[in-house]
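Notes to accompany the following structure.
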Amino acid sequence: MKKIICLVIFCSMTLNTLAQINSETKTEKMERMEWWTKARFGMFIHWGLYALPARHEWVMSNEKMSKKTYEKYADYFDPDLYNPTQWAKLAKKAGMKYVVFTAKHHDGFTMYDSKYTNYKVTNTPYGKDVMKELVDAFRAEGIRIGLYYSLIDWHHPDFLVKDPIHPEKNNKKELAKDSSRDLKKFQKYLKNQLTEILTNYGQIDILFTDFSYPQKENGKGKSYWNSEDLYKQIRKLQPQIIINDRLDLREEGGWDFMTPEQFMPKQWVTYKGEKVPWETCQTFSGYSWGYHRDDRSWKSTEQTIVMLIETVSKGGNLLLNVGPTARGIIQADAVDRLEATHQWMKYHNRSIYGCTAAPEEFKKPDNCLLTYNPETKRLYVHVLEWPFKTIYLPGLADKVAYAQILNDGSELKLKTKKGAWLDDVKSNDNGLTITIPVTKPDVEIPVIELFLK
Ligand code: GLC
C-alpha cells in the first residue's frame with residue numbers, strides 16, 4: 001500500500017530508466033526521497049562574509065573585487081547576536097521540514113571548520129564553527145539537514161580565472177597565472193571538503209551543489225569538477241542523501257531533483273518529457289540570497305503563501321530563503337512573513353504535507369489552485385479570490401462524499417439538484433456546485449477540503 005501511495009505522489013513521473021551512475025531501482029529512489037516529497041517546504045539560509053557588504057552574495061564578482069579586497073570581511077565577521085535555536089524554532093513554526101545551509105558559497109569562504117583551508121569561520125573574530133551550531137540546533141528541533149556547497153570557488157589559487165563570472169576575469173596578472181593553476185589540486189580540494197561536511201556533521205539529508213555552466217564560453221561543468229567521482233563519494237558517505245541537479249550529471253542520472261530558481265514553472269517540471277521531482281528556491285525579496293540592506297522589493301505574505309500552494313499544486317517543493325545579517329539576525333520582514341505562514345499553516349498544513357498535483361481529471365475552478373493527498377483521497381481547493389455564494393467544480397459531480405472549510409471544519413453543502421434557470425449547471429462537464437458563505441473566512445487563503453468517495 002505504502003509503495004502504491006508513494007507511486008501516486010510521484011505521480012506518473014518516471015525517474016529516468018536506470019541511471020548509469022546510480023544503480024538504484026525506481027522504487028528504491030522513490031523510497032529514499034519519500035520524506036522529502038512529503039515535506040514540501042524547507043528553509044534556505046544564505047549566510048557568509050557577503051552579509052557584511054550587504055549588497056548581494058555575488059558582490060565580489062559584481063564589483064570585480066580582488067581576493068585581498070574581499071578577504072577583509074573575514075577580519076570583521078563577528079555575529080554577536082547569532083542564535084541558531086531561534087532560527088530553527090522560526091522555521092519549524094512556519095512549517096518548514098528541512099533546512100539548506102551554505103557551507104561555502106562562491107566566494108570560497110567556509111562557514112565551518114575545514115582543515116583544508118585557513119579561509120574559514122573559525123579564523124574570524126567569532127571563532128566558532130557556525131555550521132556545527134546550526135546543524136545541532138535545527139536537528140534538535142526535528143528539522144532535516146541540508147548543506148549547500150559551491151563548486152565555484154573564487155578564492156582558491158587553483159581555480160581558473162579565465163571564466164565568464166570570475167571576479168578577477170579582467171585582471172591580467174591573475175589571468176597570466178592560469179597556466180600554472182593545477183586542476184587536479186582543485187578537484188582534490190572539492191572532494192576533501194565535501195568529504196569533511198559529509199563526515200563530521202552527522203546525517204546529512206540533502207546536498208545542494210552549486211553550479212555548473214559548461215554551455216558558457218570558458219564555463220565549468222562536470223569535467224572541471226570531476227563530478228562523477230564526487231557523486232560516487234557523496235553517495236558512499238551518505239547513501240540516503242538527496243542530491244540536486246547542479247553537478248552537471250543530468251544525462252548520467254547523477255541527480256535526484258531539478259532546481260528552478262526564482263521562477264515558478266508553468267506546470268510539473270519534466271526532463272525528457274517525464275515528470276521529475278523538483279524544488280523551486282525563492283527569495284522573500286529581490287534577487288539577492290544573501291542579506292541585502294537596501295533591497296525593499298519584498299513579496300507580500302499572501303504571495304509567499306500562494307507560492308507554496310502553487311508549487312505543491314504542480315508536484316514540487318518550495319525552498320524559501322533567508323539571508324541573515326552580519327550580526328546573526330533574520331530580518332524582521334522575513335520573520336513577519338514566516339509568522340504569517342505559520343498562521344496559515346496552523347490551519348491548512350494538511351493541504352500541503354503529503355500532497356501533490358491533483359489527478360488530471362479534476363480541473364481547477366476559476367481563481368483556485370488544487371492540491372491532492374493520494375493517501376487520504378482528499379482534494380484541496382485553495383480559493384485565491386473568494387467568489388459569491390457558490391463555487392463550481394468541473395468534473396466532480398458524484399465524486400465527493402463530504403465537503404468542509406478547512407480552517408474551521410464547517411460543513412459546506414453540495415448542490416446536487418440542478419437549478420432550472422441556471423445554464424451553467426446544465427453544462428456537460430460533470431460539475432459540482434458547492435454553497436459557500438458570503439463572507440470570506442478570516443484566513444489569508446481559504447481552503448475547501450473535499451473528501452472523495
Ligand atoms: C545561484 C547563485 C547563488 C545562489 C543560488 C541559489 O546559483 O549563484 O548565488 O546561491 O543560485 O540557488
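Every read-out reported here was derived from the displayed coordinates using simple, explicitly stated rules and does not represent laboratory data. Model, not experiment: these values are computed from the prediction. All Cβ positions, even for glycine, are placed from backbone atoms using ideal geometry, and neighbour counts span all protein chains on display.
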**Asked** Exposure proxy check: 329, 436 ranked by fewest other beta carbons within 10 Å?
**Response** 329, 436
**Complete:** Restricting to lysines and to Cα separations under 25 Å from residue 26, and discarding same-chain partners fewer than 8 apart, the set is 2, 3, 38, 97, 222, 232, 236, 272, 275, 314, 377
**Asked** Given N residues in the stretch 305-453, what is Rg(Cα) / (2.2 N^0.38 Å)?
**Response** 1.17
**Item:** FRET efficiency, 1/(1 + (r/R0)^6) with R0 35 Å, evaluated for residue 264 and residue 343 via beta carbons
**Value:** 0.95
**Asked** Once fully extended, how much extra length lies between residue 404 and residue 218, figured as 0.36 nm per residue of separation less the alpha-carbon to alpha-carbon distance?
**Response** 61.2 nm
**Message:** How much of the pair distance distribution for the stretch 47-196 lies past 29 Å, counting alpha-carbon pairs only, in percent?
**Reply:** 20
**Ratio of Rg to Rh over the chain (Cα coordinates, Kirkwood Rh, two decimals)** = 1.02
**Request:** Any of 64/162; 72/115; 115/172; 89/191; 162/216 with alpha carbons more than 23 Å apart? Name them for me.
**Result:** 115/172; 89/191
**Cα-based reach from residue 93 at 16 Å (exclusive), listing lysines while leaving out same-chain residues under 8 positions away** = 346
**Message:** Compute, for the chain, the length of the dipole vector about the Cα centre, with Cβ point charges of +1 (Lys, Arg) and -1 (Asp, Glu) only. Units Debye, rounded to 20.
**Reply:** 540
**Complete:** As straight-line cross-link partners of residue 389, the qualifying lysines (C-alpha separation under 18 Å, not fewer than 8 residues apart within one chain) are 364, 413, 415, 417, 418, 440
**Asked** Over the chain, what relative contact order in percent results from Cα pairs under 8 Å that are six or more residues apart?
**Response** 17
**Asked** Amide H of residue 397: which non-local residues (sequence gap of 5 or more, or other chain) have their own amide H closer than 5 Å, using H built in the peptide plane?
**Response** 431, 432
**Fill in**
HN-Hα couplings for the stretch 241-253 via Karplus (6.51, -1.76, 1.60; θ = phi - 60°), in whole Hz with x for Gly/Pro, come out as 5, 10, 10, 6, 9, 9, 7, 6, 10, 4, 4, 7, x
**Asked** What is the list of residues in the stretch 18-59 whose amide nitrogen lies under 18 Å from a point 7 angstrom out from the Cα of residue 274, following Cα to Cβ?
**Response** 18-34, 37
**Request:** Can you tell me the 0 to 90 degree angle between the C-alpha axis of helix 67-76 and the longest principal axis of the chain, rounded to 10?
**Result:** 70
**Complete:** The residues 93, 38, sorted from fewest to most surrounding Cβ atoms within 10 Å, come out as 93, 38
**Item:** Net charge over other residues, Cβ less than 11 angstrom from the Cβ of residue 183 (K, R count +1; D, E count -1)
**Value:** +2
**Item:** For the chain, calculated [θ]222 nm from helices alone, where every DSSP H run of n ≥ 4 adds -39500 (n - 2.57)
**Value:** -7500 deg cm²/dmol
**Prompt:** Each label point is 7 Å from the Cα along the Cα-to-Cβ direction; what then is the distance between the points at residue 353 and residue 293, in nm?
**Reply:** 4.0
**Fill in**
Label model pair residue 452, residue 165: point-to-point distance (7 angstrom along the Cα→beta-carbon line) in nm is 4.0
